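Here is the structure we will look at, set down as structure tokens.
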Amino acid sequence: MKEFTLLFRLSSQSDKKPSLEQLQERMAWLAGLAAQNKLVNKGNTLSVTEAKTVHADHVVTDGPYTEIKEFVSGYLIVRAETIEEAVELAKTNPIFKVGGSIEIREVVQLYEQKS
């Protein structure tokens, strides 16, 4: 099995706190992944206001990607046979109800893990 990171993106207009119903939907989605043994790491929510970007010339700017109209709001790691399977898992996430999107990337193991 491979591992895939799901990066959750929201528009800058969606920075309000989620409702209790939205939180319950997210928790149910995570529980479903865990029940299928697909959840590797539940990840975290990332701050929108406490963010800096360090550029190659060591210039520091406020926030990540200030030139775009969306931000990474969180991430998690799932287990799947293929990226297509990871996409199918992502399609069931409730983030789409609030206009969000999910970027899926395979986790590349640079070094062999020892058991």
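Couple of notes before you dig in:
- Pairs with Cβ under 7 Å, 6+ apart, first in segment 84-111 and surrounded by 12 or more Cβ atoms within 10 Å (Cβ to Cβ), second in a loop (DSSP other than H, G, I, E, B) and of a type outside the set (Lys, Arg): ILE102/ASN93
- Counted residues, segment 15-43 - those being surrounded by fewer than 10 Cβ atoms within 10 Å (Cβ to Cβ) and within 15 Å of ILE77 (Cα to Cα): 2
- Any hit, segment 6-18, residues being out of contact with any helix residue (DSSP H, G or I) (no Cβ under 8 Å at 6 or more places or on another chain), at pLDDT 90 or above and part of a loop (DSSP other than H, G, I, E, B): no
The rows are residues; the columns are (1) in a loop (DSSP other than H, G, I, E, B); (2) at pLDDT 90 or above; (3) under 24 Å from THR53 (Cα atoms).
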residue	(1), (2), (3)
ILE68	yes, no, yes
VAL72	no, no, yes
GLU85	no, yes, no
GLU88	no, yes, no
ILE102	no, yes, yes
ARG105	no, yes, yes
TYR111	yes, no, no
SER115	yes, no, no
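The values are calculated or read from the model by the stated rules, or taken from the named source; none is laboratory data. Worth saying up front: this structure is predicted, and the values here are computed from it rather than measured. Because the Cβ atoms are built from the backbone with ideal geometry, glycine has one as well, and the counts that use them run over all protein chains shown.
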